[in-house]
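S.K.: Below is one structure. I have some questions about it.
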Amino acid sequence: MKNFYITMALFISTLSFAQQSLSDKAQIDVIGKSEMEITPNEIYIDIFLEERMEKGKKLTLEQLEDELKKELNLIKVPTENLFISDINSVLSKTGWWSKEILSTGKYSLLIKSSEKIKKVFETFKKLKITRTSIIKATHSKLTEFKKKNRINAIKAAKEKSDYLLNAINADTGKPLRVNEIEHQVNDFAQINYVSNSKMYESGFSKSRSHKNEQVQFENITLTSSIHVIFEIK
């Protein structure tokens, strides 16, 4: 037990000395900040294909899907990026005395270029697809951009320390403490629906008609801040 007390006393003394020696060193306290704007290259759209009667004939989901794929090929959107996620069927009245089971298929479409959005929506209009929903717009290399932005932030902290200390004929020493300041980051771009009357609504859409609307994307903004304490040499 006596040895234990001696060991604890030595540990506390060493810790106190280390803290004291750290605080006794001349220090400079800086924050480096970096911002990066990224244009989305992955846009996810939910599409609802609805069976319907035209000229007394039923347009099936298979026919509607084939038509959509054909049109997507024409505007060079890979049909491999079109996935079916759900199917619902209901008994619907199709005439005075007739009823039909009509199905609705929910599909997801990945667009890898914001420039393609206008052509995609024109295709929806051509095929009389009125229920669509843009789910999110993001970037395939978002994690890599976040890492690069953090590196830029800590470099900015070092650069700030250098020019401040140079003004008083001192130099930046080794870092004594490094902390990242957390920022609330939205990994998805803001989506605006702009009508011909210049009125707009911001946010992610619900199922809606795209008639007389344009889709605009804001860039994704990444912000990184690094707090660094450097020794002054």
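The values are calculated or read from the model by the stated rules, or taken from the named source; none is laboratory data. Note that the structure is predicted; figures quoted are calculated from it, not measured. Methodologically, a virtual Cβ is constructed for each residue, glycine included, from the backbone with ideal geometry; neighbour enumeration extends over all protein chains shown.
S.K.: Between residues in region 139-154 that are in contact (Cβ under 8 Å) with a residue 60 or more places away in the chain and residues that are of a type in the set (Lys, Arg) and surrounded by 16 or more Cβ atoms within 10 Å (Cβ to Cβ), which pairs lie under 7 Å by C-beta distance while being six or more apart or on different chains?
M.R.: Hits for this filter: Ala153/Lys33.
To keep it simple, each residue is scored yes or no on (1) surrounded by fewer than 16 Cβ atoms within 10 Å (Cβ to Cβ); (2) assigned by TED's automatic domain parsing to the domain that holds Glu180; (3) within 26 Å of the chain's Cα centre (by Cα).
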site: Leu74; (1), (2), (3): yes, no, no
site: Ile84; (1), (2), (3): yes, no, yes
site: Ser113; (1), (2), (3): yes, no, yes
site: Phe121; (1), (2), (3): no, no, yes
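S.K.: Looking only at region 60-89, which residues are at pLDDT below 90 and not small (Gly, Ala, Ser)?
M.R.: Those that are at pLDDT below 90 and not small (Gly, Ala, Ser): Asp86, Ile87, Asn88.
S.K.: Only one of these conditions is not met by Lys158: (1) farther than 23 Å from Thr39 by Cα; (2) modelled with pLDDT under 95. Which number is it?
M.R.: Against the list (1) farther than 23 Å from Thr39 by Cα; (2) modelled with pLDDT under 95, Lys158 comes up short only on (2).
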